[in-house]
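The block underneath contains the structure these notes are about, expressed in structure tokens.
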Amino acid sequence: EPEVTQTPSHQVTQMGQEVILRCVPISNHLYFYWYRQILGQKVEFLVSFYNNEISEKSEIFDDQFSVERPDGSNFTLKIRSTKLEDSAMYFCAGDRDRGQGEQFFGPGTRLTVL
Amino acid sequence: LAKTTQPISMDSYEGQEVNITCSHNNIATNDYITWYQQFPSQGPRFIIQGYKTKVTNEVASLFIPADRKSSTLSLPRVSLSDTAVYYCLVGNAGNNRKLIWGLGTSLAVNP
């Protein structure tokens with residue numbers, strides 16, 4: 001069964017550094033998402049991406065964040081200048097065109113900002 | 001997007017049937033009800049989705065009454081490995097595909 005993969009599984013960085021989190025979605029998916037989950041808290045929507053552009057973003061997704069699908073397979077989330085409060089699990093997800101909420105999640109990247 | 005309310009936690013024992021109820025009083029006509037499971041430090045995993053009446057798959061059943069203002073996820077004969085957080089989400093595709101998450105129900109299955 002195809003799976004969403006994410007790399008790295010754990011990223012430790014210093015405050016102010018740039019990080020790029022990578023995801024390889026399932027090949028026949030058309031819609032892609034990034035979510036994050038701070039330890040012990042809710043899963044929070046960051047951004048959705050379709051047809052090579054952002055379709056929706058949350059207020060968390062400010063100018064420090066960007067997403068890209070550079071080569072038709074990878075889907076990346078970049079945080080330009082990390083802050084302590086960016087420490088969280090970041091999940092990539094995707095779904096097929098039929099929608100209605102069945103999204104397939106990756107295993108996540110744990111980002112620790114020191 | 002309709003708000004959902006579910007119990008914060010539940011306890012059960014191996015072999016029992018577990019029913020987790022979610023209320024969604026403001027569900028819209030074209031909203032679907034979807035349940036996800038999440039283990040610690042893992043991504044959420046889709047369990048089941050329905051619109052009305054009853055849906056069953058190899059993992060669970062979902063019961064939705066006629067007014068659709070609530071739904072019940074039923075896990076038959078739980079095992080220790082079913083210990084997880086279960087989330088009820090309500091929404092539709094349309095132009096708004098994001099999933100809005102609550103705190104979910106933390107299910108502990110005891111031996």
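Since every read-out is calculated from the coordinates, none of them should be taken as a lab result. Remember, predicted model here, so these are calculated numbers, not experimental data. Counting neighbours? That spans all protein chains shown, and the Cβs are built from the backbone with ideal geometry, glycine included.
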| Restricting attention to the stretch A:40-114, which GluC sites (Glu not before Pro) occupy a DSSP loop and are surrounded by at most 11 other Cβ atoms within 10 Å? | A:Glu59
| said: Quick one: 3J(HN,Hα) in Hz for the stretch A:9-19, Karplus 6.51/-1.76/1.60 with θ = phi - 60°, rounded, Gly and Pro as x. | reply: 6, 9, 10, 10, 9, 8, 3, x, 7, 8, 10
| message | Let me confirm one metric for peptide B:37-48, namely the mean number of other chain beta-carbon atoms within 10 Å of its residues' beta-carbons. | response | 5
| field | Cα Rg, Dmax, chain A, angstrom units | value | 13.2, 41
| said: Which one, A:Leu30, A:Leu39, A:Leu21, has the greatest fluctuation when you compute a Gaussian network model over chain A with C-alpha springs under 10 angstrom? | reply: A:Leu39
| query | Looking only at other chains, what is the average number of their beta-carbon atoms within 10 angstrom of each beta-carbon in A:68-77? | reply | 0
| remark: For the stretch A:1-96, listing trypsin sites (Lys or Arg not before Pro) in a DSSP loop whose Cβ sees at most 11 other Cβ atoms within 10 Å gives A:Lys83
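How large is the dipole of the stretch A:1-80 about the Cα centre if only Lys and Arg carry +1 and Asp and Glu carry -1, each at its Cβ, rounded to the nearest 20 debye?
160 debye
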| Within the set A:Lys57/A:Lys83; B:Lys3/B:Lys52; A:Lys42/B:Lys52; A:Lys78/B:Lys3; A:Lys57/B:Lys52; A:Lys57/B:Lys54, which residue pairs have Cα atoms separated by over 25 Å? | A:Lys42/B:Lys52; A:Lys78/B:Lys3; A:Lys57/B:Lys52; A:Lys57/B:Lys54
| task | Determine the shielding of peptide A:53-61 by partner chains: average, over its residues, the number of Cβ atoms on other chains within 10 angstrom of each Cβ. | result | 1
